[in-house]
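To keep things clear, I will list the structure first and then write my remarks on it.
The values are calculated or read from the model by the stated rules, or taken from the named source; none is laboratory data. It should be emphasised that the depicted structure is a prediction, and the values quoted were computed from it without experimental measurement. In this analysis, Cβ positions are derived from the backbone assuming ideal geometry, glycine residues included, and neighbour counts consider all displayed protein chains.
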């Protein structure tokens, strides 16, 4: 019976929703433009008028023509077209699909309310043998998010400890004990937030873009649906083997790469590195660190001089089996060029080619890569790393300094491994670090006999997904 009652409630909600809607094309277009603006697309009033005029010239029942017309007039930035497509699919969905989206949204709100109620229960404790019946700790929204991201085991450890302290009867002020527990909760959740961020999990839990809601229920649900679909789509591509990413998904991958490059560029641009070695106190971290001591400054945090910008030298394998990987890695490095001025780029297969001049011509990455692929005698050839490194040492060794970090991207399948190792050894003696991004899964490394020879002179990581690339650059490259 309860199931039938739920169906009646859902049906009533749908009827009320559609009774309020007016599906005139003008109204829908204006609302769609509003959605696009909240997603960060810049759409002017004149462009909206042009789109409305253009729709009068086509058959709006032709969905493909309808989409192409609006995209041409309302989405001028290529990196925003993914958002446009998701918004179009959701906003102009069939009535049946819209009903499903609406009900899914209500279900998500119910689940969010349940999580909210559960957090409230978890941090409300009954006092034994006391006239004060319960003790309740109010968490901030951010603290609730961090708590909900913990495993049930870690949540249980935290709440069990709180309950144990509350139930322990000792002499002294009970309010002092409550204040201590408030500070303890803050410190513990701050610790877990740091752990999640270091593991890369905290960023995954955040929205795929800066979502700002309108305050109008119907439009807000559309925005939330778009955010959810974009986030899921991005996460799937992050862990897809780069050589297997379909042509239709390349624009999405391009957007992801640009985001990853921007985040890393932001870290490189940071003014100070946090450390205890310098004598310059960092006020914000010091205050936050000493909250658990009641504000008394016991644990000082310091910051040092401005971070040195890295000098990068990239050597990318563009042989037949590696060209797709090279395109992604070169695009990632291209995104860092705004903050890493001293960056040199090389491609190789049968021999080495210096491509830095092409990247300095102030063209789009797509135009740059098209020029390189059309004019390069080595793109898509065989793999001869030994010859390529020999050419580098003979012609370009003047580019190396003790602060240079070399990044080699290759599957390490090359001829003359002993000679290649000698060249690697020469390079390692003159640079700060060599990172090798191996596009083969680590499980396949055992089949390459000469791999240990190369590993003696570099740090080698498996790197066949965008997630691998981000993790290596964030936690290995910057920390070296």
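Under the condition of being surrounded by 14 or more Cβ atoms within 10 Å (Cβ to Cβ) and free of Cβ contacts under 8 Å to residues at least 12 places away in the same chain, the residues counted in region 148-160 number 0. Counting only helices (runs of 4 or more DSSP H) that sit wholly inside region 367-480, those with at least 1 residues that are modelled with pLDDT of 90 or more are 385-395, 417-428, 451-455. Contact map, region 430-452: first residue more than 14 Å from residue 385 (Cβ to Cβ), second residue assigned to a loop (DSSP other than H, G, I, E, B) and at pLDDT 90 or above, Cβ cut-off under 9 Å, separation 6 or more or different chains; pairs are 433/458; 435/458. Looking across region 235-253 at every residue that is assigned to a helix (DSSP H, G or I) and closer than 15 Å to residue 326 by Cβ, the one that is modelled with the highest pLDDT is identified as 242. Looking only at residues of region 358-388 that are in contact (Cβ under 8 Å) with a residue 60 or more places away in the chain and touching a helix residue (DSSP H, G or I) at 6+ places or on another chain (Cβ under 6 Å), we find that the one that is surrounded by the fewest Cβ atoms within 10 Å (Cβ to Cβ) is 380. Within region 299-311, identify whether any single residue is modelled with pLDDT of 75 or more and in contact with a strand residue (DSSP E or B) (Cβ under 6 Å, 6 or more places away or on another chain), and answer yes or no. Among the residues of region 299-311, at least one is modelled with pLDDT of 75 or more and in contact with a strand residue (DSSP E or B) (Cβ under 6 Å, 6 or more places away or on another chain), which makes the answer yes.
Residues checked against (1) loosely packed, with under 14 Cβ neighbours inside 10 Å; (2) at pLDDT 75 or above:
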residue	(1), (2)
3	yes, no
27	yes, yes
45	yes, yes
57	yes, yes
68	yes, yes
89	no, yes
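Test of understanding: among 437, 466, 453, which residue is touching a strand residue (DSSP E or B) at 6+ places or on another chain (Cβ under 9 Å) and assigned by TED's automatic domain parsing to the domain that holds residue 333? Step by step, each of 437, 466, 453 is checked, and only 437 is touching a strand residue (DSSP E or B) at 6+ places or on another chain (Cβ under 9 Å) and assigned by TED's automatic domain parsing to the domain that holds residue 333.
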